[in-house]
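Visitor: Here you go, one structure.
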Amino acid sequence: MESVFNFFVVHREIIYFIILSVFVGIEVIGGVPTVLHTPLMSGANAIHGVVIVGAIYVMLHVNPDDYLALILGFLAVLLGTLNVVGGFVVTDRMLEMFKKK
Amino acid sequence: MKQSLLEIGYLIASVTFIVGLKMMGNAKTARKGNLIGAVGMTIAILGTIFLVEHSFNPLVLGLIFGAILLGTIVGWMTAKKVQMTKMPELVSMFNGMGGACAALISLIELKHHYHMMEDAARDGVSLPTQYGTMIAIFLGLIIGSISFSGSIIAYLKLNGTMNKPVRLPQYNIINLLVMLATFGFGAYLVFTGGSMIMAYGLFALALLYGILFTVPIGGADMPVVISLLNSFTGLAAAFGGFLYDNKAMLTGGILVGSAGTLLTLVMCKAMNRPLSNVIFGAFGGGAAATGSSDVKGSIKDIQVSDLAVLMNYSKKVVIVPGYGLAVAQAQHIIKELENLLEERGVEVKYAIHPVAGRMPGHMNVLLAESNVSYDKLVEMDEINPEFEQTDVVLIVGANDVVNPAAKTDPSSPIYGMPILEVDKAKNVIVNKRSMNAGYAGIDNLLFYDSKCSMFFGDAKKALTELVAEIKTM
């Protein structure tokens, strides 16, 4: 029990941060017309590509002699990049269609 | 100095994610919103590469740049080249990549962790377990893996490689057990330490659960599943953010996690089905069988020349496009039909069901591609009262969204889903390739309606003939 309380105290700020972010996420989506659901989902998909930051971070601190970790890290950065670049570009292509001709 | 710059960079990125996503909720600002998000992301990525303290190692940096370069080229080309009809499965694929990225990060962190534990044990020191960190690592691993394998299955289902729902006997119970086993094993590893081999075992188990979770769900429900898996990946990214105390990852991840969950619920609402229904399956084999009613009449078909006359002398025509139109690549010819009819003084509109196509809004994107004006696309609630004054409704490749069973037959699996009330129009023409059932796998009573005629043929071919016929008049 002690450790649970301790955890809360140590991570207090981040817990506030998480709760507020959840509400921001809900607020941001509220009242979006149906026609924009697909581009919005695709755009959100690109944004969670921010996980690539973690991949680069872990890669920068990996032990260069650990080849397996290097390979896994390389893959992580590659997949994260695909998520980010592909995600933003495909969303842009969708939204381009909505432009007034 | 470097550290402060980095934090400022992450702050800017976080703000751009929020503002960008907000702007994407409005058709006018959407494209700019997406660009703003992309700029923020670039700042976060460049900041991480150049401002994070690390021991400079050319091999590592080379690998990072190589991976980014390769990923950018491949991602860019794929996204640019993909046909708009194939777009939902591409989104699913990119989502899976993000999930896999989160899972791999956790695996590397675990490798590092067990390595340190071994060293500590050799030196006879015991390290205190940091439960918060371990929980974040394991949850990132589990959720990322589920999102990865689930998205791959969704991809295969959408592109037709795997088009039948696969259901093990008692799949709900099996899935529940596998899920409990996955999280239970994860908890066990957090509290007992475990080993790298066990961590790989957990990875495999989570991948298996992702497959089992997605495989029984029918193709028609894939948009909901992709949206859900999308929010899972967001969550996995957020655990990464917690792990590294990285605010950009936290904001981006949680934003997508909560927004994605809400979007999933909104989509379910558009289909009038609770989420639990999608996941645990109301479209079961049993339900689909009872869905087909015994009352069947005869169906009529209409020849292209008769249809041309009918449409030419109509006042108002409403086109109901469905995924069949997209598959046949008929969106350009339908635009030509619209132009032709308007030249002759016929009013033409498009009725867009919230779940037309494979994703909400998918049909709008497809029609926009062939220059159909945005204000001709009318949403369901607005067009439904107009059907009574409509002379001809032309349904192209849509089926379940116009099935009256959704209103009249409580035993139907789609009962309760709001539909386009096309049966109120004076004439209903259905273009289909054959009498096969729609995506939900159920019969459509509309086809036996006395006002309804079938116009058989591939959408593109049939509409081309129709356009040619009208031109001769």
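Every number in this text was worked out from the coordinates using simple rules, so none of it is lab data. Keep in mind that this is a model prediction, so the values were computed, not measured. All Cβ positions, glycine included, derive from the backbone under ideal geometry; neighbour counts span all protein chains shown.
Visitor: If you look at just the Cα atoms of chain B, how large are its Rg and its Dmax in Å?
Guide: Spelled out, the Cα radius of gyration and Dmax of chain B are 26.2, 94 Å.
Visitor: Where q = 0.07, 0.11 Å⁻¹, what log10 of I(q)/I(0) comes from the Debye formula for the protein assembly as shown, counting one point per Cα?
Guide: -0.45, -0.97
Visitor: If you don't mind, another one. Dividing the convex hull volume of the Cα atoms of the range B:317-473 by its residue count, what figure in Å³ per residue is obtained?
Guide: Numbers: hull volume 16.5 nm³, N = 157.
Taking only Cα atoms, the range B:317-473 has a hull volume of 105 Å³ per residue.
Visitor: Next question, about the same structure. If you count, for each residue, the other Cβ atoms within 10 Å and average over each peptide, how do A:75-87, B:16-28 line up from highest to lowest?
Guide: My ranking of the peptides, most packed first, is A:75-87, B:16-28.
Visitor: So which of B:LYS432/B:LYS471; B:LYS32/B:LYS335; B:LYS316/B:LYS424; B:LYS81/B:LYS432; B:LYS81/B:LYS157 end up more than 19 Å apart, counting from Cα to Cα?
Guide: Where the Cα-Cα span goes over 19 Å, the pairs concerned are B:LYS432/B:LYS471; B:LYS32/B:LYS335; B:LYS81/B:LYS432; B:LYS81/B:LYS157.
Visitor: Say the dipole of the range B:1-81 comes from +1 at the beta carbon of Lys and Arg and -1 at that of Asp and Glu; which of B:GLY33, B:TYR10, B:GLY71 then lies farthest toward its positive end?
Guide: It is B:GLY33, whose Cα lies furthest towards the positive end.
Visitor: Go ahead and estimate [θ] at 222 nm for chain B from helices alone: -39,500 (n - 2.57) per DSSP H run with n ≥ 4, summed, over the residue count, rounded to 500.
Guide: Per the formula, -20500 deg cm²/dmol.
Visitor: Please compute P(r) over all alpha-carbon pairs of the range B:87-280, binned at 5 Å starting from zero, and give each bin as a whole-number percent.
Guide: It works out to 1, 8, 15, 19, 19, 15, 10, 6, 3, 2, 1, 0, 0, in whole percents.
Visitor: Between 0 and 90 degrees, rounded to the nearest ten: what's the tilt of helix B:2-23 against the longest Cα principal axis of chain B?
Guide: 20
Visitor: What residues have an amide H closer than 5 Å to that of B:LYS316, excluding those fewer than 5 places away on the same chain, when H is modeled at 1.01 Å from N in the peptide plane?
Guide: Those lying under 5 Å, H to H, from B:LYS316 are B:GLU347, B:ASP391, B:VAL392.
Visitor: Rounded to whole Å and ordered largest first, report the semi-axes of the equivalent ellipsoid of the range B:1-122 derived from its Cα gyration tensor (root of 5λ). Spell out each step's value before the answer.
Guide: On the way: eigenvalues 201, 88, 45 Å².
Semi-axis lengths for the range B:1-122 are 32, 21, 15 Å.
Visitor: Can I ask one more? Using 5 Å bins from zero, what percent of all Cα-Cα pairs in the range B:294-359 falls into each bin?
Guide: That works out to 4, 14, 19, 21, 19, 14, 7, 2, 0, in percent per bin.
Visitor: With each run of n ≥ 4 DSSP H residues scored as -39500 (n - 2.57), what mean residue ellipticity at 222 nm is computed for chain A after dividing by its residue count and rounding to the nearest 500 deg cm²/dmol?
Guide: Theoretical 222 nm ellipticity from helices: -22500 deg cm²/dmol.
Visitor: Identify all aspartates and glutamates with a Cα-Cα distance to B:LYS269 below 20 Å; exclude those on the same chain that are fewer than 8 residues away in sequence.
Guide: Reachable aspartates and glutamates: A:GLU27, B:ASP221, B:GLU379, B:ASP381, B:GLU382, B:ASP400, B:ASP409, B:GLU421.
Visitor: Using square roots of five times the C-alpha gyration tensor eigenvalues, list the equivalent-ellipsoid semi-axes of the range B:165-238 in whole Å, biggest first.
Guide: Numbers: eigenvalues 127, 54, 16 Å².
In descending order, the three semi-axes are 25, 16, 9 Å.
Visitor: Let me ask something else. Per the Debye formula with a single identical scatterer at each Cα and no solvent contribution, what log10 I(q)/I(0) holds for the range B:41-89 at q = 0.13, 0.22 Å⁻¹?
Guide: -0.46, -0.86
Visitor: May I pose another question? For a quick check of your reading of the filter: which trypsin sites (Lys or Arg not before Pro) in the range B:82-137 sit in a DSSP loop and have no more than 12 other Cβ atoms within 10 Å?
Guide: Values: sites: B:LYS86, B:LYS111, B:ARG122; in loops: none.
Passing sites in the range B:82-137 do not exist.
Visitor: To the nearest 10 degrees, how steeply does helix B:459-471 sit against the main Cα axis of chain B, on a 0 to 90 scale?
Guide: Approximately 40 degrees, to the nearest ten.
Visitor: Now for a separate question. What dipole magnitude, in Debye to the nearest 20, does chain B give about its Cα centre under +1 on Lys/Arg Cβ and -1 on Asp/Glu Cβ?
Guide: 360
Visitor: Where the only charges are on Cβ atoms (+1 Lys, Arg; -1 Asp, Glu), what is the dipole of the protein assembly as shown about its Cα centre, to the nearest 20 debye?
Guide: 800
Visitor: Let's see if you can work this out: charge +1 on each Lys and Arg Cβ, -1 on each Asp and Glu Cβ, no other charges. What is the dipole magnitude of chain A about its Cα centre, in debye to the nearest 20?
Guide: 620
Visitor: Output needed: percent of Cα pairs per 5 Å distance bin for chain A, bins running from 0 to the one holding the longest distance.
Guide: Distribution as computed: 2, 11, 12, 12, 14, 15, 14, 11, 6, 3, 1, 0, 0 percent.
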